[in-house]
1. Can you give me the long-range amide H partners of VAL144? Hydrogens built in the peptide plane at 1.01 Å from N, cutoff under 5 Å, separation of 5 or more residues or another chain.
2. What distance in nm lies between label points placed 7 Å from Cα along the C-beta direction at THR116 and LEU130?
3. At 7 Å along Cα-to-Cβ for each site, give me the label-to-label distance between VAL163 and GLN68 in nm.
4. Cα-Cα over 18 Å: which of LYS53/LYS154; LYS98/LYS154; LYS53/LYS128?
5. Excluding GLY39 itself, calculate the net charge of residues whose Cβ lies under 11 Å from the Cβ of GLY39, where each Lys or Arg counts +1 and each Asp or Glu counts -1.
Amino acid sequence: AQVPTSRFLKEADTSLVTAPGFTDVLARLKPGSVHGLHGVALVSVTAEPSHTKLVPGHLTQIPSVTSQLGFRIVVSDSGKFQEVGVPVKLTLKQGSSKAIVKTAVIGSIQPGASATIGITGFFNATAKPLYGRPYTVTVEAGPVPGEHNIANNKATYSVTFLVSG
């Protein structure tokens, strides 16, 4: 009898049976089990919907703040392995008031690539910003298991919100 041919992997998944592919699979199953350079780096933070890029050490004015205010955060994989479940935390604080802390998780980032995630829900019809007052925005990406250099994971920005006019 002739045995029919079959495929148990799609063509796109054949990289899984290579050494680098299996390393990625192992890293997903047990993060930190694969030794080598792991890490992420915070690339940029942009206020939306105004597309205002935040710059560390510079007071950034964010125009037209609405209930749709959010921040687009770009994080790169600065290591040699795919990183999964990358935590991102954004803290918004004005003076001595209670900080607003929001978190998100980036599903995965390939080595040398970047991923973008949005964080929203800061203000609404009853909770409005204090216009013209300085706020501190702190963004932290990672750390990921096995990461040793966390100096490029965090940045702090000074912002003020402007009334749309």
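Bear in mind that the values in this text are calculations on the coordinates, not laboratory data. Quick caveat, the model's predicted, so the values are computed rather than measured. Neighbour counts are summed over all protein chains in view; Cβ atoms, including those assigned to glycine, are modelled from backbone coordinates with ideal geometry.
1. For VAL144, the qualifying residues are VAL40.
2. Roughly 3.2 nm, to one decimal.
3. 2.1
4. Numbers: LYS53/LYS154 16 Å; LYS98/LYS154 20 Å; LYS53/LYS128 21 Å.
Beyond 18 Å: LYS98/LYS154; LYS53/LYS128.
5. On the way: positive: LYS80; negative: ASP77, GLU83, GLU147.
Net charge around GLY39: -2.
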